[in-house]
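Peer 1: Sharing a structure, written as structure tokens. Questions coming.
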Amino acid sequence: GNHSMDGSTAPCLKSDPKIHEAWAEYLRKWVTAYRSHGIEMWGLTAQNEPGAPNYTPWEACTFSAADQRDFIRDYLGPRMEEEGVQLMGFDDQKNLLREWADTIL
């Protein structure tokens, strides 16, 4: 999608590899910046509540299971592996957990 991450019917990252690359790199730099202050991280989610309802009044980014799988595989996963940080692919509604696990794993 190519929607705004704030107040959109479908907030998400733009469908542009440069944007996905930049977002993954930003998250890597976030981890390393915290480490430089003595704060270690063992893991993080690729996106908080990726199935959040549309029209959230805050910045959000919804992912389908397949889109999140691709983002992790192609962009975020390799960077976090280099940093020794584990990724969690879904932290949303437990009733969708099996569908997401089947897709992401």
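The values are calculated or read from the model by the stated rules, or taken from the named source; none is laboratory data. Since the structure is predicted, the reported quantities are computational estimates derived from the model, not experimental observations. Positions of Cβ are backbone-derived with ideal geometry, glycine not excepted, and every protein chain shown enters the neighbour counts. Please note that ligands, DNA and RNA were not included when accessible areas were found on the heavy atoms of the full protein model with its side chains. Shrake-Rupley method; radii C 1.70, N 1.55, O 1.52, S 1.80 Å.
Peer 1: Within region 74-84, does at least one residue satisfy the condition of being open to solvent by 30 Å² or more (accessible area, probe 1.4 Å), hydroxyl-bearing (S, T, Y) and out of contact with any helix residue (DSSP H, G or I) (no Cβ under 6 Å at 6 or more places or on another chain)?
Peer 2: no
Peer 1: Could you please let me know if D91 is open to solvent by less than 100 Å² (accessible area, probe 1.4 Å) and over 17 Å from A24 (Cα atoms)?
Peer 2: Yes; evaluated as a whole, the condition is true for this residue.
Peer 1: OK, next. Which residue out of T103, T62 is touching a Cys at 6+ places or on another chain (Cβ under 6 Å), within 22 Å of K14 (Cβ to Cβ) and either in contact (Cβ under 8 Å) with a residue 12 or more places away in the chain or open to solvent by less than 100 Å² (accessible area, probe 1.4 Å) (or both)?
Peer 2: Exactly one residue qualifies, and that residue is T62.
Peer 1: Can I ask one more? Inspect all residues belonging to region 40-50 and state whether any of them is under 15 Å from A24 (Cβ atoms), open to solvent by less than 40 Å² (accessible area, probe 1.4 Å) and free of Cβ contacts under 8 Å to residues at least 12 places away in the same chain.
Peer 2: Scanning region 40-50 turns up no residue that is under 15 Å from A24 (Cβ atoms), open to solvent by less than 40 Å² (accessible area, probe 1.4 Å) and free of Cβ contacts under 8 Å to residues at least 12 places away in the same chain.
Peer 1: Within region 74-102, work out how many residues are under 11 Å from the mean Cα position of the chain (by Cα) and not aliphatic (A, V, I, L, M).
Peer 2: Matching residues across region 74-102 total 5.
Peer 1: Can you go through Q93, Q68 and tell me which one is more than 30 Å from R35 (Cβ to Cβ) and of a type in the set (S, T, N, Q)?
Peer 2: The match here is Q93.
Peer 1: Of the residues Q86, Q68, which is within 22 Å of T103 (Cα to Cα) and at pLDDT 95 or above?
Peer 2: Selected residue: Q86, the only one of Q86, Q68 that is within 22 Å of T103 (Cα to Cα) and at pLDDT 95 or above.
Peer 1: Could you check L27 against (1) over 11 Å from the mean Cα position of the chain (by Cα); (2) assigned to a helix (DSSP H, G or I) and say which number it fails?
Peer 2: Here L27 meets the rest and fails (1).
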